[in-house]
1. What's the extension gain from THR133 to LEU156 if we count 0.36 nm per residue and subtract their Cα-Cα distance?
2. What's the extension gain from SER28 to TYR123 if we count 0.36 nm per residue and subtract their Cα-Cα distance?
3. Please give, to one decimal in nm, the separation of the simple spin-label points placed at ALA62 and ASP182, each 7 Å out from Cα toward the Cβ.
4. Rounded, prolate or oblate: which one fits segment 45-170, using the alpha carbon gyration tensor with axes a ≥ b ≥ c (rounded when a/c is under 1.5, else prolate when a/b beats b/c, else oblate)?
5. Amide H of ARG174: which non-local residues (sequence gap of 5 or more, or other chain) have their own amide H closer than 5 Å, using H built in the peptide plane?
6. Which residues does a label at ARG13 reach in segment 49-87, if reach means a backbone N under 18 Å from a point 7 Å past the Cα toward the Cβ?
7. Rounded to whole Hz and in sequence order, give me ³J(HN,Hα) for segment 22-27 from the Karplus expression 6.51 cos²θ - 1.76 cosθ + 1.60, θ = phi - 60°, writing x for Gly and Pro.
8. Based on the Cα coordinates of segment 38-97, what is the per residue volume of their convex hull in Å³?
Amino acid sequence: ASRYGHESPVEIRQITNDGMRKGASIVSDGTRIYFPAIKAGTTLLGQVPVAGGETWTSPVFADGAPFELLDASRDGRELLLSSVGRLWVVTPGNGAAVRPVADVRSNLARWSPDELSIAFVPYDDATVLRLVTAAGVGEHGLAKFSAPIAEVQWSLDGTLLRVAVPEIAGGPKRFYDISPRDPRPLPVLKRWNHEAGSGTWIGKHRFVFAS
């Protein structure tokens, strides 16, 4: 029971017991959870079933360089990660295969639902949203904002990008919708005067966020 006298709806359950330190970035395809696993000073790609079980690890970079996981494709076949500011695609498995996304440098990037495109915020200008194909070609700008972009989320049907931009650094966020076909940012919840936090799509026309 919680301190308010009723049963808490939150269940906390440990799903790994491997003794390895974990990086802070975690992504999931719905069946498996992926995370950086640090062992003897080397950063490996760790994965475990969402229900818990044995942790499987595989090397990503030959020198064991650290990385941050950014997103997982829906089928779990490919992951987006950032290492030293550069964007990479990794195929999890024994001896994970990794390739750079052209010369893109970013630590905030998201797969489109059809996995054909990647929306990203450039490492050297966090006020800009750009788009590139999964093959790393056709890179172009979508929109520019007056403050650094904090979050990027594709709608479930891939027709919109919802972008969160703080009004001031570390302050309340404002949401904007951008269509890859018409990239003019359209403000969402114009009359919302309360603080908005992180959000995510849970349906074609349903978006939930903290406030």
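The values are calculated or read from the model by the stated rules, or taken from the named source; none is laboratory data. Predicted, not measured: the structure shown is a model, and the values here were computed from it. Cβ: placed from backbone, ideal geometry, glycine included. Neighbour counts: every protein chain shown. Only protein heavy atoms, including side chains, enter the accessible area calculation; ligands, DNA and RNA are left aside. Shrake-Rupley method; radii C 1.70, N 1.55, O 1.52, S 1.80 Å.
1. 6.5 nm
2. The SER28-TYR123 span can extend by a further 31.8 nm.
3. Once both label points are built, they end up 5.0 nm from each other.
4. It is prolate, given that a/c is not under 1.5 and a/b is the larger ratio.
5. VAL165, GLU167
6. The answer is 49-55.
7. 10, x, 6, 8, 9, 10
8. Numbers: hull volume 5.4 nm³, N = 60.
It comes to 89 Å³ per residue, whole-number rounded.
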